[in-house]
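K.L.:
What follows is a single structure, and I will ask about it in a moment.
Every number here is computed from the coordinates shown, using simple stated rules; none is lab data. Being a predicted model, the structure only gives us computed values, none of them experimental. Because the Cβ atoms are built from the backbone with ideal geometry, glycine has one as well, and the counts that use them run over all protein chains shown.
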Amino acid sequence: MSVRVRFAPSPTGYLHIGGARTALFNWLFAQHHGGQFILRIEDTDQKRTIPGAMDDIMDSLRWLGITWDEGPDVGGDYGPYIQSERVELYQKWAQWLLDNGHAYKCFATAEELDKMRAYQKANNLPLGYDRRYRDTPADEVARLEAEGRPYVIRFKMPLDGQTVLPDVIRGDITFDNDQLNDLVLLKADGFPTYHLANVIDDHFMKITHIMRADEWINTGPLHVNIYNAFGWDHPVYAHLPVVLSPSGKGKLSKRDQAFQEDGQQILVQVKEFRKAGFLNKAVVNFLTNVGWSFGDDREQFTPEESIPRFKMADINPAPTKLPYSKLFWLNSQYLNTMDETALAQALRPYLDDAGYEINMDALITIVPALKPRLKTFPDALEFLQFLDDDAAEPLTIDHLQHKKMPLENAKPAFEQTYELLKTIEPFALDTIQEKMFALGEQSTLNSKAGPYLGTLRFAITRQKVSPPLFESIIVLGRAHTLNRLEQALALFNETD
RNA sequence: GCCCCAUUCGUCUAGUGGCCUAGGACGUAGCCCUCUCAAGGCUAAAACAGGGGUUCGAGUCCCCUAUGGGGCACCA
């Protein structure tokens, strides 16, 4: 039998990084076995569904390269793949459970249940539905129904014994049935809860393995019992460790929008990672390393490389914080493998937004210098700040000399450099570099170009931190470079 | 309160009873390189939560405690 897995998000928010990890692991597992990966939308909570969430989920998955074989947009043999379009099916099977004594109608109102819970809390009693309608006689049920009282359908959990939830990652998990309660299967509005819809869909969609977040462990016994009631085999379960918030306590929530101690922003939604300038393959690599490891002490790899190695049982069961600093590192590694043109094109939109006008040739010239300095695309902006005259740091005579290039050497060096850059043809990286190095070696006491290049770099870029001198000159252009040099020459003259 | 899950350097992890003097990576620090900042190279500090067992031998198995997390919804 071929492996079939699913990712089943509810469209109550945009795709979350934790959800993406779950999707990714399912996808890797499916690829490993040459099976199918199904996308199913669980929109049974009408109130919480957000317009646009489903599109965002699909866009984000596609961006990550997680493709599905069956789903709402591509169809498949077991559709529809949106639960709100399958309501009749759930109702039919809820009725079957009712008819076969595995479920019952509960007429308790929301207020009534709130009161019950408040009482339980106040008296330190076990929390949860007290089964007040489980044994209501049939004629009484009929009477309440005839009155038009709204009701839900609840599952009749076994009252004693144990239920075992086998989990590939953690081994068998055993629950005492007297700890479990009768959860709702079908809500008063006729929509199913997760528990019912999930079991029915997984069964009819022939899902073989379920990999889901570990917050589902506690409802696992319910699901096992529902499968038993139907007389169906349940899929193989694997509960993935939760993703914790890096700063505070608790799990990383969709709303987490803070900064962690070191000042790095906590990105949560996939689209935020995208917008912040991360490469999809870096994000995928990063996520694959959280809760699973490649082995052989390797951190960097592609899905093609991890798929043959990906085994469900190797997943680490411990909860985890996302190591964001590794994402920055990985991103810079991947950035470094991009060719000049591709990187220049990727940078373009960020530069346009910031109002930097740089022609493509100049940009391609400086890209190799930028490359090792970037962790993400937007980092380029701070290295190109030298283009902006308003950002120029104040220039003093001290900036123009060096102990290996005192004033009497510096002044002629600057003057010659000015003449050189004014007349050099072509105004290109290699020619400028060659001439300036030669000039630099003649101008210093130690015959090394270093001191000369350093002082010029500051005089021309007017930034303590900038890209290397020659690339900066090219991007700045001849006129602008000469203009900056004139300011330096003026300082020399004032000092005379 | 009850139930369930987890616990190796700051963080992500390797480790499935002897190969562990606990390995790698990020981050941090230092050095080298160097026109600044990076990148790159080298080096360093840094962990088996605690206590009991089992065993010739325990990071690895069992129990207890502690801590963290999850659940106890007509949310998923």
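K.L.:
What is the set of long-range amide H partners of A:Leu240 at a cut-off below 5 Å, with H atoms built 1.01 Å from backbone N?
P.N.:
Distant-sequence amide H within range of A:Leu240: A:Arg212, A:Ala213, A:Asp214.
K.L.:
Pull up the DSSP beta bridges for chain A and report the antiparallel fraction as a percent, rounded to 5. Numbers along the way, then the final one.
P.N.:
Numbers: 18 of 32 bridges.
In chain A, DSSP labels about 55 percent of beta bridges as antiparallel.
K.L.:
Give, as a single signed number, the net charge of other residues whose beta carbon lies under 13 Å from the beta carbon of A:Lys375, with Lys and Arg counted +1 and Asp and Glu -1.
P.N.:
Numbers: positive: A:Lys326, A:Lys371, A:Arg373; negative: A:Asp379, A:Glu382.
Overall, the nearby charge balance is +1.
K.L.:
Would you mind checking the pairs A:Lys206/A:Lys271; A:Lys375/A:Lys435; A:Lys281/A:Lys375; A:Lys411/A:Lys435; A:Lys47/A:Lys121; A:Lys403/A:Lys448 and listing those with alpha carbons more than 22 angstrom apart?
P.N.:
Details: A:Lys206/A:Lys271 31 Å; A:Lys375/A:Lys435 32 Å; A:Lys281/A:Lys375 14 Å; A:Lys411/A:Lys435 17 Å; A:Lys47/A:Lys121 27 Å; A:Lys403/A:Lys448 12 Å.
From A:Lys206/A:Lys271; A:Lys375/A:Lys435; A:Lys281/A:Lys375; A:Lys411/A:Lys435; A:Lys47/A:Lys121; A:Lys403/A:Lys448, over 22 Å: A:Lys206/A:Lys271; A:Lys375/A:Lys435; A:Lys47/A:Lys121.
K.L.:
What shape does chain A have by the C-alpha gyration tensor, where a ≥ b ≥ c are the square roots of the eigenvalues, rounded means a/c under 1.5, and otherwise prolate means a/b greater than b/c and oblate the rest?
P.N.:
Working: a/c = 3.40, a/b = 3.00, b/c = 1.13.
Here chain A falls in the prolate category.
K.L.:
Given A:Ala428, A:Ala108, A:Ala344, which one lies farthest toward the positive end of the charge dipole of chain A, if we put +1 on the Cβ of every Lys and Arg and -1 on the Cβ of every Asp and Glu?
P.N.:
Toward the positive end, the furthest listed residue is A:Ala108.
K.L.:
Per residue of the stretch A:138-152, what does 6.51 cos²θ - 1.76 cosθ + 1.60 with θ = phi - 60° give for ³J(HN,Hα)? Whole Hz please, x for Gly and Pro, Karplus curve as stated.
P.N.:
Result, ordered by residue: 4, 5, 5, 4, 4, 4, 4, 5, 5, 5, x, 5, x, 8, 10 Hz.
K.L.:
I would also like to ask the following. Of the listed peptides A:315-321, A:233-239, what is their order by residue-averaged count of other C-beta atoms within 10 Å, with the highest listed first?
P.N.:
Values: A:315-321: 14.0, A:233-239: 19.0.
Highest mean packing first, the order is A:233-239, A:315-321.
K.L.:
What is the magnitude of the charge dipole of chain A about its Cα centre, with +1 placed on the Cβ of each Lys and Arg, -1 on the Cβ of each Asp and Glu, and no other charges, expressed in debye to the nearest 20? Each step should come with its number before you reach the end.
P.N.:
Values: 52 positive and 68 negative charges, 173 e Å.
Approximately 820 debye in magnitude.
K.L.:
Need one word for the stretch A:61-118: rounded, prolate or oblate. Basis is the Cα gyration tensor (sqrt eigenvalues a ≥ b ≥ c); a/c below 1.5 gives rounded, then a/b vs b/c decides. Walk me through the numbers before you get to the answer.
P.N.:
On the way: a/c = 4.06, a/b = 1.82, b/c = 2.23.
Cα axes put the stretch A:61-118 in the oblate bin.
K.L.:
Sticking with this one: Run the dipole for the stretch A:343-421 about the Cα centre, Lys and Arg Cβ at +1, Asp and Glu Cβ at -1, nothing else charged, and hand back the magnitude in debye, nearest 20.
P.N.:
Values: 7 positive and 14 negative charges, 109 e Å.
With only Lys, Arg, Asp and Glu charged at Cβ, the dipole is about 520 debye.
K.L.:
Sticking with this one: Using only alpha carbons, build the gyration tensor for the stretch A:13-76 and give me the equivalent ellipsoid semi-axes, biggest first, whole Å. Could the numbers behind the result be given before it?
P.N.:
Details: eigenvalues 89, 35, 21 Å².
Whole-Å semi-axes of the equivalent ellipsoid: 21, 13, 10.
K.L.:
Where the centre of each part is set by its Cα atoms, how far does the stretch A:152-167 sit from the stretch A:441-466, in angstrom?
P.N.:
Between the Cα centre of the stretch A:152-167 and that of the stretch A:441-466, the gap is 76 Å.
K.L.:
Just from its helices, what would the mean residue ellipticity at 222 nm be for chain A, if runs of 4 or more DSSP H residues each count -39500 (n - 2.57) and the sum is divided by every residue, rounded to the nearest 500 deg cm²/dmol? Show your work: numbers first, answer last.
P.N.:
Numbers: 19 runs with 217 residues, N = 496.
Calculated at 222 nm, the ellipticity per residue is -13500 deg cm²/dmol.
K.L.:
Using mean Cβ contacts within 10 Å as the protection proxy, how do A:283-290, A:185-192 order, highest first?
P.N.:
Numbers: A:283-290: 22.9, A:185-192: 19.2.
So the peptides A:283-290, A:185-192, ranked by packing, come out A:283-290, A:185-192.
K.L.:
What residues qualify as long-range amide H neighbours of A:His209, i.e. H under 5 Å apart, gap of 5 or more or another chain, H built at 1.01 Å from N?
P.N.:
A:Arg4, A:Val236
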